[in-house]
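K.L.:
Can you read through this structure? Questions will come right after.
The values are calculated or read from the model by the stated rules, or taken from the named source; none is laboratory data. Keep in mind it's a predicted model, so treat the numbers as computed, not measured. As a convention, Cβ positions derive from the backbone with ideal geometry for all residues, glycine included, and neighbour counts pool all protein chains shown.
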Amino acid sequence: MTSQVSYRSLQTIIVEACQRLPDHRSGQNTRYEISDAALGAFGAFFMQSPSFLAYQRDLQQRKECNNAQSLFGVSEIPSNQQIRNLLDPISPSHLGEPFWAILDQSMKDREIEKAFEYDGGWLCSIDGTQYFGSRSIHCAQCTVAHHEDGESYAHTVLITILAKPGKREVLVLEPEFIRPQDGSVKQDCEQKAAQRWIKRNATHFVGRSVTILADDLHCKQPFCQLLLDHQLDFILTCKEKSHSTLYEEVALLEQCGGVSSYQKRVWTGKGHQLWHYRFAERLPMRAPPYALYVNWCELTITREDTGKQVHHSAFVTNRTVSEHTVEHIIEAGRARWKVENEGNNVLKNHGYYLEHNYGHGHHHLAAILVMLILLAFLCHTVLHLCDHNYQRLRAELGARRTFFNDIRALTRYFYFGSWEHLIAFMINGLELAPGQRGPDWQSKTTCARSPASSISASYGGGYLACEPDRDSATGNLWGDIAVRVDQRRPQSLSTACPSATCSTAKAQPYHPSPPCGWPIFGIAGDDMGSLLSDGRRQCLVE
Ligand SMILES: [Zn+2]
């Protein structure tokens, strides 16, 4: 079954959101739309390439077309400084809606919905992280830290994700920016940001069973009460040093047999571990009166051979804790770490470089760029979950970095009419899924495959060989290239092609058996599905 989610549907959400951004300019200099600035920045983050827009300006000059336009809907490519100037006045709250639109659309895909279902609901993990830091540059939105040798300034954001134990991918939700409250001397803090996020976004979860996961910092009675008031469940890390009343009660219950416990022997592949579970119900979050009563559970893991403790975690929850549920609850609670391991770690260390100072601006620049980075991360995750071609490619290329290196290089030299064409080009270049190709195409792959270095050379002097059909006339990728090659070098098609009649700029008759050694650069159709199913043949040869 084809997924309802596709690059195109995600792009539509992003483009429409960027087109709705307010324009604060009053002067005449409005050559660039605000949406061009936002989509251009989104494109650079999506490609994980700070130079993406510069490359596309070069491509536009050389080929009169560019991938910023075809892949991201940028009409006129602004410079990085123009992007900073245009986006700085815009509040990041204007880009909150597409996170929820993408989530709604993703959950219509049964595969994605199942991928995040845990105990019939969702696990939502929250954690604060820094995305800008400086000892000199600062603004009204900065959080200030006082040191012996002066002050440091930082921007921090509360990242929220949907996660599932055992699932590597996480879906990032709209974040909450941590900032000094208006009119307040006191610095804002992560706890307040978490409360704001819940109050603002709980309506998105109506009708679903959602459990909030958070660390000990948020394990406070007012936050638990707020979650209950919004019909949200919680599993929160609960450390002994910050919850003395609760742990005194645990100790008392222990003496009278009120704490249940059991032990499991677990084989890790290297040795046996002992997993010791303890749990109790109805414990006070703080000293009475007015204490909220919660349930508590704990897991301690030790090595069987040495007795050494290798893990300890403890949580409080409003969910029922029993010997039937305790393992699930602790497994869910431990998924909180995914916001750091699979969320913030990827955002900071694997291509998105969340902490890199792309620009601070005078108003909201740093924050709105974070929104675009998170949206780029979200779109890649959703594609990874729903797009089988994307999955095949990522699996084949292994390291995340290889995939992004390849799309950066390809889009620097080649024009692609759509994201689907780029992915199809890569899949065919790697000769993936050979069983799905038509017989004619398979026979052609006996020709040598192009080394990457000759791609750009062939781009100017190659010609298009394809079946004479409507594709080139309707402007698909290879048709466009043929036309452009012909415009730049009117004779190149006819002189380079030994067999076809190349008197026009339209697509040329398909060469049934290209001479041995001609590199084939790829195939493309209106979309990959129709190409594979009806076996239409197109290839770019040198
Ligand atoms: Zn600042």
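K.L.:
Just wondering, is there one or more residues in segment 3-16 that are surrounded by fewer than 19 Cβ atoms within 10 Å (Cβ to Cβ) and out of contact with any helix residue (DSSP H, G or I) (no Cβ under 9 Å at 6 or more places or on another chain)?
P.N.:
Yes.
K.L.:
Name the helices (runs of 4 or more DSSP H) wholly inside segment 58-141 in which the number of residues that are within 18 Å of the chain's Cα centre (by Cα) and surrounded by 15 or more Cβ atoms within 10 Å (Cβ to Cβ) is 2 or more.
P.N.:
67-72, 97-107, 110-115
K.L.:
Filter segment 223-238 down to the residues that are within 13 Å of R286 (Cα to Cα) and out of contact with any Phe, Trp or Tyr (no Cβ under 9 Å at 6 or more places or on another chain) and list them by number.
P.N.:
Q225
K.L.:
Answer yes or no as to whether E420 is surrounded by fewer than 20 Cβ atoms within 10 Å (Cβ to Cβ), away from the ligand (no atom under 16 Å from the Cβ) and modelled with pLDDT of 75 or more.
P.N.:
Against the criterion (surrounded by fewer than 20 Cβ atoms within 10 Å (Cβ to Cβ), away from the ligand (no atom under 16 Å from the Cβ) and modelled with pLDDT of 75 or more), E420 does not qualify.
K.L.:
Looking at E148, E169, which one is assigned by TED's automatic domain parsing to the domain that holds T245, over 26 Å from the mean Cα position of the chain (by Cα) and at pLDDT 85 or above?
P.N.:
When all the criteria are applied, what remains is E148.
K.L.:
Separate question: Name the residues in segment 151-164 that are away from the ligand (no atom under 16 Å from the Cβ) and either surrounded by fewer than 17 Cβ atoms within 10 Å (Cβ to Cβ) or part of a strand (DSSP E or B) (or both), would you?
P.N.:
L158, I159, T160, I161, L162, A163
K.L.:
Among S244, S260, S209, which is loosely packed, with under 13 Cβ neighbours inside 10 Å and more than 15 Å from A194 (Cα to Cα)?
P.N.:
Result of the check over S244, S260, S209: S244.
K.L.:
Of the residues A38, A17, which is assigned to a helix (DSSP H, G or I), under 24 Å from N201 (Cβ atoms), touching an Asp or Glu at 6+ places or on another chain (Cβ under 9 Å) and aliphatic (A, V, I, L, M)?
P.N.:
Result: A17 is the single residue among A38, A17 that is assigned to a helix (DSSP H, G or I), under 24 Å from N201 (Cβ atoms), touching an Asp or Glu at 6+ places or on another chain (Cβ under 9 Å) and aliphatic (A, V, I, L, M).
K.L.:
Among the residues in segment 280-294, are any in a strand (DSSP E or B), within 21 Å of G166 (Cβ to Cβ) and in the same structural domain as D215 (by TED's automatic domain parsing)?
P.N.:
No: zero hits.
K.L.:
Test each condition in (1) more than 13 Å from the ligand (Cβ to nearest atom); (2) out of contact with any strand residue (DSSP E or B) (no Cβ under 9 Å at 6 or more places or on another chain) for V170 and report the one that comes out false.
P.N.:
(2)
K.L.:
Answer yes if at least one residue in segment 204-215 is in a loop (DSSP other than H, G, I, E, B) and more than 35 Å from the chain's Cα centre (by Cα), and no otherwise.
P.N.:
no
K.L.:
Just to be sure I understand, how many residues within segment 120-150 are farther than 14 Å from K338 by Cα, away from the ligand (no atom under 16 Å from the Cβ) and of a type in the set (D, E, K, R)?
P.N.:
2
K.L.:
Follow-up question, since we're still on this one. In this structure, is E113 farther than 23 Å from M371 by Cα and within 16 Å of the ligand (Cβ to nearest atom)?
P.N.:
In short, no.
K.L.:
Give just the number: which of (1) within 16 Å of the ligand (Cβ to nearest atom); (2) in contact (Cβ under 8 Å) with a residue 24 or more places away in the chain does I198 not satisfy?
P.N.:
For I198, the failing item is (1).
Yes/no matrix, rows are residues, columns are (1) without any contact (Cβ under 8 Å) to a residue 24 or more places away in the chain; (2) in contact with a Gly (Cβ under 8 Å, 6 or more places away or on another chain); (3) over 17 Å from T160 (Cα atoms):
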position: K63; (1), (2), (3): no, no, yes
position: H94; (1), (2), (3): no, no, yes
position: E97; (1), (2), (3): no, no, no
position: L103; (1), (2), (3): no, no, no
position: K114; (1), (2), (3): yes, no, yes
position: R135; (1), (2), (3): yes, yes, yes
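K.L.:
Additional query: Might you check whether a residue that is in contact with a His (Cβ under 6 Å, 6 or more places away or on another chain) and either crowded, with 22+ Cβ neighbours inside 10 Å or closer than 15 Å to H94 by Cβ (or both) occurs anywhere in segment 27-38?
P.N.:
Checked segment 27-38: no residue is in contact with a His (Cβ under 6 Å, 6 or more places away or on another chain) and either crowded, with 22+ Cβ neighbours inside 10 Å or closer than 15 Å to H94 by Cβ (or both).
K.L.:
Something else: Of the residues C466, C447, only one is of a type outside the set (A, V, I, L, M), modelled with pLDDT under 90, crowded, with 20+ Cβ neighbours inside 10 Å and not assigned by TED's automatic domain parsing to the domain that holds E169; which?
P.N.:
C466
K.L.:
Name the single residue that is nearest to C297 (Cα to Cα) among those in segment 219-277 being in a loop (DSSP other than H, G, I, E, B) and of a type in the set (D, E, K, R).
P.N.:
K239
K.L.:
Confirm whether N318 is farther than 16 Å from D215 by Cβ and either crowded, with 21+ Cβ neighbours inside 10 Å or not assigned by TED's automatic domain parsing to the domain that holds T129 (or both).
P.N.:
Considered against the rule, which asks whether it is farther than 16 Å from D215 by Cβ and either crowded, with 21+ Cβ neighbours inside 10 Å or not assigned by TED's automatic domain parsing to the domain that holds T129 (or both), N318 comes out as no.
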